[in-house]
Every structure is written in structure tokens, then in C-alpha cells.
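A.B. asks: Handing you a structure now.
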Amino acid sequence: MHADHLGDLMTRRFLFVLGSSRSDGNTELLARAAAEQLPGGVEQQWIDLAEHPLPDFEDLRHDSDHVRPTEGNVALLLDATLAATDLVIASPLYWYSVSAHTKRYLDHWSGWLRTPGLDFKATMAGRTLWGVTALAHEEQEVADPLAGTLNNSAAYLGMRFGGVLLGNGSRPGDVLRDTEALTRAKTFFAQDPPLARFPYES
């Protein structure tokens, strides 16, 4: 396990955001396989966006119109996101990008960035974003748009990006037969991720 890049005084806390429309899907199974390798002292929180659906994001005209939510699923996701040192987006590959549930969650980041007193961007800077996805294609390049979405989102917030753990699976449980993916899962969270960079910065 890499050194805590937020400092030795902060206990690492992983938030797993599940973006599938069904529970126990291949993406979730792969994420849980990777999570099993985390030390027992690392706190984990799992939130299923299908069970805690977010409303469509409304882009308000003025920053002052944005108020920090205090109840409901938006407040739940906001508080959990702010509390996490490591944020894991576990979204299946839907039409070569993140799922609708996941995209809606990311859209709400726009509102949190503009909510007075929240300091969302400064708070998330230096923390780590990870991705996990299952796809039906053998050719993993088709997941590049999903990886780009997560990488660029991390770069905008000044976060680190641990990359995307990819597994193959279409029917329920298929990913458990992807031995290469399960092998990668054993060490996925053990890496020391660099700060995310936009493609034009490389």
C-alpha cells in the first residue's frame, strides 16, 4: 500500500460509488475483488447509485443560488465524497463511457464547485480518483472514453488518478472468470498514483 499522500495524520477512507443499474454486476464484483486487498484498517463506504438515485443536475444561474444540501441522496453523496481520501468510480461501460447514474453524479460536481463555502475543488485536490469497469469487448481500447472522462475530471480538480481496472464480462458473474483482471485487482490499490494531467499537458 502506497504512502498516504494526504499526510500520515489522515486515515485513508475509500468511497466506492457503484454506477450500475443492477446489483452484483460484473463491475461491482471486480471492485469488491480489489477492495478485498485493502488493509483491515482502511475504512470503506459503498454507495449504490441505483439504490440512492440522484435528481438531474440543474445548472443554476448564479453561484449564490447553490445551497449545500442537508438531506436526501445528494447530501449523502456530497458528504461521502468530501470525507473520502480515495474515490472509486465503479461504472460499467455503457455506450463506451460511464453509465447514466455515474454521469449524473459527476454532473453534481458542477454544482458543488459553485456552492459558496464548500471549497469543493480545494478539498478534493491531492486526493485520488480510481476507476473500475467491466466491458463486453475483448479490445480494452473501447473503454478509453470512460478512462478519459475520469482522468480529465481528476485533472480539473487537481486529484491523483490511479487509472481504470478493466475486466471482461457480459453475463452475470463473467468477470470472475477473467483471471487477468482478478490478478490486476490484487495490486490495483497498491500503486502510488501520479497527479492527473490533461492530455495536452503530457
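A.B. asks: Over the chain, with the other protein chains present, what is the accessible area per residue in square angstrom, probe 1.4 angstrom? Before the final figure, lay out each step's value.
C.D. replies: Numbers: 10110 Å² over 202 residues.
Value returned for the chain: 50 Å² of accessible area per residue.
A.B. asks: Could you work out the mean projected area of the convex hull around the alpha carbons of the stretch 96-202, in square nanometres to one decimal? Present the calculation step by step, with values, prior to reporting the outcome.
C.D. replies: On the way: hull surface 30.9 nm².
Here the figure is 7.7 nm², rounded to one decimal.
A.B. asks: Here's a follow-up. Sort 37-50, 180-193 by the packing proxy (mean of other Cβ within 10 Å over each peptide's residues), most packed first. Write down the numbers at each step before the final one.
C.D. replies: Values: 37-50: 13.7, 180-193: 15.9.
In decreasing order of mean packing, 37-50, 180-193 become 180-193, 37-50.
A.B. asks: I want to make sure I understand the PRE zone here: with the label point 7 angstrom from the Cα of Asp119 toward its beta carbon, which residues in the stretch 158-202 have backbone N atoms less than 16 Å away?
C.D. replies: 158
A.B. asks: Per residue, how much space in cubic angstrom lies within the convex hull of the C-alpha atoms of the chain? Spell out each step's value before the answer.
C.D. replies: Details: hull volume 25.7 nm³, N = 202.
Normalising the Cα hull of the chain by residue number yields 127 Å³.
A.B. asks: For the chain, calculate the relative contact order in percent as a whole number, restricting contacts to Cα pairs under 8 Å that are 6 or more residues apart. Spell out each step's value before the answer.
C.D. replies: On the way: 367 pairs, mean separation 55.0, N = 202.
Rounded, it is 27 percent for the chain.
A.B. asks: OK, next. How far is helix 144-157 tilted off the main Cα axis of the chain, in degrees rounded to 10, range 0 to 90?
C.D. replies: The two axes meet at around 40 degrees.
A.B. asks: Using a cut-off of under 16 Å, list every residue of the stretch 86-116 whose amide N is near the label point 7 Å from the Cα of Asp144 along the Cα-to-beta-carbon line.
C.D. replies: Hits in the stretch 86-116 for Asp144 at 16 Å: 96-98.
A.B. asks: Report the FRET efficiency, 1/(1 + (r/R0)^6), for Thr179 and Glu43, where r is their Cβ-Cβ distance and R0 is 35 Å, rounded to 0.05. Walk me through the numbers on the way to the answer.
C.D. replies: Working: r = 29 Å, r/R0 = 0.84.
Efficiency for this residue pair is about 0.75.
A.B. asks: Search the structure for amide H atoms under 5 Å from the amide H of Glu43, placed 1.01 Å from N in the peptide plane, and list their residues when 5 or more places away or on another chain.
C.D. replies: Phe14
A.B. asks: Could you work out the equivalent-ellipsoid semi-axes for the stretch 43-110, taking the square root of 5 times each eigenvalue of the Cα gyration tensor, largest first, in whole Å? Walk me through the intermediate numbers first.
C.D. replies: On the way: eigenvalues 85, 55, 23 Å².
The three semi-axes for the stretch 43-110 are 21, 17, 11 Å.
A.B. asks: Next up: Going by amide H atoms built from the backbone, whose H comes under 5 Å of the H on Asp48, apart from near neighbours?
C.D. replies: Amide H neighbours of Asp48, under 5 Å, 5+ apart: Leu18.
A.B. asks: Trypsin sites (Lys or Arg not before Pro) within the stretch 55-109: which are DSSP loop residues with at most 13 other Cβ atoms inside 10 Å? Can you show the working numbers first?
C.D. replies: Working: sites: Arg61, Lys103, Arg104; in loops: Arg61.
Of the trypsin sites (Lys or Arg not before Pro), the ones in loops of the stretch 55-109 whose Cβ has at most 13 other Cβ atoms within 10 Å are Arg61.
A.B. asks: May I pose another question? Provide the gained length on full extension for the span Ala136 to Arg171, in nm with one decimal, where the gain is 0.36 nm per separating residue minus the Cα-Cα distance. Don't skip to the end; give the middle numbers.
C.D. replies: Working: separation 35, 0.36 × 35 = 12.60 nm, distance 0.88 nm.
Stretched fully, the Ala136-Arg171 segment lengthens by 11.7 nm.
A.B. asks: What do you get for the angle between helix 26-35 and the principal long axis of the chain? Use alpha-carbon atoms, 0 to 90 degrees, nearest ten.
C.D. replies: The angle comes out near 80 degrees.
A.B. asks: Counting only protein heavy atoms and using a 1.4 Å probe, what share of the accessible area of the stretch 6-132 belongs to carbon plus sulfur, as a whole percent? Kindly include the intermediate steps, with their values, before the conclusion.
C.D. replies: Numbers: 2900 of 6000 Å².
Percent of accessible area from carbon and sulfur atoms in the stretch 6-132: 48.
The values are calculated or read from the model by the stated rules, or taken from the named source; none is laboratory data. In this text the structure is predicted, and so the values were computed from the model without any measurement. Quick reminder, even Gly has a Cβ in these numbers, built from the backbone with ideal geometry, and neighbours come from all protein chains shown. All accessible areas refer to the heavy atoms of the entire protein, side chains included, with ligands and DNA or RNA removed. Shrake-Rupley method; radii C 1.70, N 1.55, O 1.52, S 1.80 Å.
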